[in-house]
Amino acid sequence: MKLLTHNMLSSNIKGVANGFPLRIEVEKATEKQVELNAGFLRNVFPMIEWKALVDAAQLPEVADSSMLDSDFLNKFHHALLELHLEKDALVCPETARRFPVSQGTPNMLLLEDEV
Amino acid sequence: MTTSVFPTCQLLHTCRPRPHLLHRTPGSTTSNRRQLTLAVTATTRAMEAERKNDGALKKGIAEFYDESSGMWEDIWGDHMHHGFYDPDSTVSVSDHRAAQIRMIDEALRFAGLSEDPTKGPKSVVDVGCGIGGSSRYLARKYEAKCQGITLSPVQAQRANALAAAQGLADKASFQVADALEQPFPDGQFDLVWSMESGEHMPDKAKFVNELVRVAAPGATIIIVTWCHRDLAPSEEALQPWEKELLNKICKSYYLPAWCSTVDYVKLLESLSLQDIKTADWSPYVAPFWPAVIRSALTWKDMTSLLRSVVELAGGGVGVWEWNRDEGHLYSFTVAGAGAPGFDLQVSGRWLPVPLILCSPFRKL
């Protein structure tokens, strides 16, 4: 599971006020090379919840889009797309409910009483 | 038991009797219990319960198609229904458009409509018309006047725009209207056409009633729709696992409870329709889905993949990460159950993401 994915997901269990970001429990993190697409990165940057990405990877705490040249672009790309979390789980920040991740695929299915 | 989830695609065809004909030909039904059939209960009681949610359902349907129509058209063209294939054939997505047209022709043939365009229907209503693919095809084929209705303003607008662009504005016109209250007088149409829209109708009785009401004496009504398997004589309802599975799909696609082919036949018989025929076309639409999965390599195929992933992932409620490393989509997640959509950038274009995909997402 990429951090891009983690940055988009939220625990929407009934009654949860703020289910984002999910906490990450990770057993294994690997790196997979992904070709950098600057246009994509520039366009997705405003959608990213920066703090959540910072906490999940090592990035400067403050960022704005003017930084998206050179070195920072590479760091952003690496964190967003090249870090792969395997055999992990995502955890609801309020209820501690675990959403398992297997083979990089988080199962966000809510149970009937959670909807 | 396989939990492959191809819906049973049933075709119904009726001819409306001339008022003076009293005898009724019993329908010949070929309904099979198929291993691949998804099922959920859709007794009349269940349908009654759905009535309360109808307003929300209508709004959900309109929004769903408003949001996803453009993307769908990008991938599938202007027909928003399954293709008709030779069973067990291997097909690629490029065969799809021809197969969708074949679906229309097979339905017409099943209904016994003449191949001779001069003997065909002259006025057609397309109930649940999408962006008007069927209507424009029928308008061309029969030189008929076709009117389509849809709940989606975006679709109606697009349908009219396409008709104008193709020089068919005088033959094919579209408006926003509810199939349960069609804005047409009684007996207006020679051909009443419902191609894969019946599954959205929360009140099957009202739906069928309206189809019959607007049909002229001697007209033909063609319904191609998703049904669940017919219940065995000893069964009151579908199995719990079947209900559960289908429920998930219903949530994803803004579908009310399903009914069986036999339920439709009973409705049609109660309205004194003649020559009622049905067929199970599951084998002919089944090749559609593996083809989609295999060939899902581009954004253009993405939505169809997502829809099928939603279905094939045992009812469509997990989050699936899709990796694409060619400047297209980088990461995408899929889940069932609608929630407001969001925009994702793909190859420089911002596209609305269909409502089916957004349950576990934060607001963007």
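The values are calculated or read from the model by the stated rules, or taken from the named source; none is laboratory data. Quantities reported herein were computed from a predicted structural model and do not represent experimental measurements. Methodologically, a virtual Cβ is constructed for each residue, glycine included, from the backbone with ideal geometry; neighbour enumeration extends over all protein chains shown. Just the protein is used for accessible areas: all its heavy atoms, side chains included, with ligands, DNA and RNA removed. Shrake-Rupley method; radii C 1.70, N 1.55, O 1.52, S 1.80 Å.
Per residue, how many Å² of accessible area does segment B:194-238 show with a 1.4 Å probe?
Accessible surface, normalised per residue, equals 27 Å².
Between A:Ala38 and B:Asp54, the C-beta separation translates, for a Förster distance of 51 Å, into a calculated FRET efficiency of about 0.60.
Extension gain, A:Glu94 to A:Glu25: 0.36 nm times the residue separation minus the Cα-Cα distance gives 23.3 nm.
Per residue, how much accessible surface does chain A expose to a 1.4 Å probe? Answer in Å², no decimals.
Values: 5990 Å² over 115 residues.
Ligands and nucleic acids excluded, the figure is 52 Å² per residue.
Taking a threshold of 31 Å on the Cα-Cα distance, which of the pairs B:Lys122/B:Lys206; B:Lys145/B:Lys243; B:Lys145/B:Lys277; B:Lys59/B:Lys122; A:Lys87/B:Lys59 fall above it? Going by Cα-Cα distance, B:Lys145/B:Lys243; B:Lys59/B:Lys122; A:Lys87/B:Lys59 fall outside the 31 Å limit.
Local charge sum around B:Phe84 (other residues, Cβ-Cβ under 15 Å, Lys/Arg +1, Asp/Glu -1)? Write down the numbers at each step before the final one.
On the way: positive: B:Arg97, B:Arg102, B:Arg109; negative: B:Asp86, B:Asp88, B:Asp95, B:Asp105, B:Glu106, B:Glu196, B:Asp280.
Local charge sum for B:Phe84: -4.
With only the Cα atoms considered, segment B:120-180 has a convex hull volume of 59 Å³ per residue. Taking amide H positions as modeled 1.01 Å from N, with prolines and chain starts lacking one, the residues under 5 Å from B:Met195 and 5 or more places away or on another chain are B:Val127, B:Val224.
Counting Cβ atoms of other protein chains within 10 Å of each residue's Cβ and taking the mean over peptide B:77-87 gives 0. Stokes-Einstein diffusion for segment B:86-166 at 20 °C, viscosity 1.002 mPa s, with a Kirkwood radius from C-alpha pairs, works out to 155 µm²/s. For the chain pair A and B, buried accessible area totals roughly 2100 Å², probe 1.4 Å, rounded to the nearest 100.
Just check chain A against the gyration tensor rule for me: Cα atoms, a ≥ b ≥ c as the square roots of the eigenvalues, rounded for a/c under 1.5, and otherwise prolate or oblate depending on whether a/b exceeds b/c. Because a/c hits 1.5 or more and a/b exceeds b/c, chain A counts as prolate.
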